[in-house]
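K.L.:
What follows is a single structure, and I will ask about it in a moment.
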Amino acid sequence: MKGAEKGKPQDKGAKGGGPKEVVAKFRIKIPAQEANPAPPVGPALGQRGINISEFCKRFNDASKTFPKGLPVTAHVTVFKDRSFEFIIKTPVTSALILKYAKLESGSGEAGKKIVGKITKKDVEEIAKIKLPDLNVNSFESACRIVEGTARSMGIEVSQ
C-alpha cells in the first residue's frame with residue numbers, strides 16, 4: 001500500500017486538488033461586523049495559526065447581512081496549510097428575542113418573574129430569520145421553539 005497509510009487521510013492540498021487535511025474545527029461567537037484582533041477573537045485564531053486580520057476582514061464582510069453588533073456563531077475549519085474556511089450561522093435566538101423586546105437581559109427567575117413582552121408577529125419574524133439553522137419540518141415548529149426560548153428567558157409572548 002504505497003502513498004497513504006491505512007486509515008490516515010492524504011494531504012493533497014493545492015497539488016493534488018483533493019481534500020485538505022483538517023487540523024482544527026471550532027465555533028466562536030462574534031458580534032456581526034465587529035470582528036477585530038482583540039480578545040476573544042485574536043487569541044482563539046492565533047493559537048491555531050490563522051491570519052487574524054484576514055479572518056476579521058472576511059468575517060466582517062460576510063456578516064453584513066446581519067444587524068451590526070448582534071452575536072453570530074462562526075463555525076471555523078482550519079487546514080494543515082494554515083488556510084481556513086468558516087460558516088456563519090444565524091444570530092443567537094436569545095439575542096434576537098432581547099432585541100425585539102428592547103431589553104438588556106432576560107429574567108434571572110424565568111417562570112416566576114416576567115421582564116418583558118414580545119408579540120406573536122415578533123416571534124414569526126425571529127422564526128423566519130432562524131429557520132435555516134433550525135432542525136424543524138414546519139414554520140409553526142420554528143415559532144414554537146422561539147416561543148419556548150422566550151418563556152425560558154422570562155419574556156411573555158402576547159397576541
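The values are calculated or read from the model by the stated rules, or taken from the named source; none is laboratory data. This structure is a prediction, so every number in the text was calculated from the model and none was measured. As a convention, Cβ positions derive from the backbone with ideal geometry for all residues, glycine included, and neighbour counts pool all protein chains shown.
K.L.:
Can you name the strands (runs of 3 or more DSSP E) wholly within the range 64-119 that have at least 2 residues being in contact (Cβ under 8 Å) with a residue 12 or more places away in the chain and charged (D, E, K, R)?
P.N.:
Counting at least 2 such residues, we get no strands (runs of 3 or more DSSP E) at all.
K.L.:
Return yes or no: is residue 108 out of contact with any Lys or Arg (no Cβ under 6 Å at 6 or more places or on another chain), exposed (fewer than 14 other Cβ atoms within 10 Å of the Cβ) and not polar (S, T, N, Q)?
P.N.:
When the stated conditions are applied, residue 108 passes them.
K.L.:
Here is a follow-up. Report, by residue number, each residue of the range 18-37 that is outside any strand (DSSP E or B) and either surrounded by 13 or more Cβ atoms within 10 Å (Cβ to Cβ) or at pLDDT 90 or above (or both).
P.N.:
Taking the range 18-37 and keeping what is outside any strand (DSSP E or B), we get 18-21, 32-37.
Of everything in the range 18-37, those that are outside any strand (DSSP E or B) and either surrounded by 13 or more Cβ atoms within 10 Å (Cβ to Cβ) or at pLDDT 90 or above (or both) turn out to be 20, 21, 32, 33, 34, 35, 36, 37.
K.L.:
In addition: Within the set of pairs 6 or more residues apart or between chains, which connect a residue that is assigned to a loop (DSSP other than H, G, I, E, B) inside the range 125-138 to a residue that is surrounded by 16 or more Cβ atoms within 10 Å (Cβ to Cβ) with Cβ atoms less than 8 Å apart?
P.N.:
Note: pairs meeting the criteria are 134/127; 134/142; 134/145; 136/142; 136/145.
K.L.:
Going through 72, 157, 78, 146 one at a time, which residue ends up being surrounded by 15 or more Cβ atoms within 10 Å (Cβ to Cβ) and more than 29 Å from residue 40 (Cα to Cα)?
P.N.:
Values: 72 fails: more than 29 Å from residue 40 (Cα to Cα); 78 fails: more than 29 Å from residue 40 (Cα to Cα); 146 fails: more than 29 Å from residue 40 (Cα to Cα).
Step by step, each of 72, 157, 78, 146 is checked, and only 157 is surrounded by 15 or more Cβ atoms within 10 Å (Cβ to Cβ) and more than 29 Å from residue 40 (Cα to Cα).
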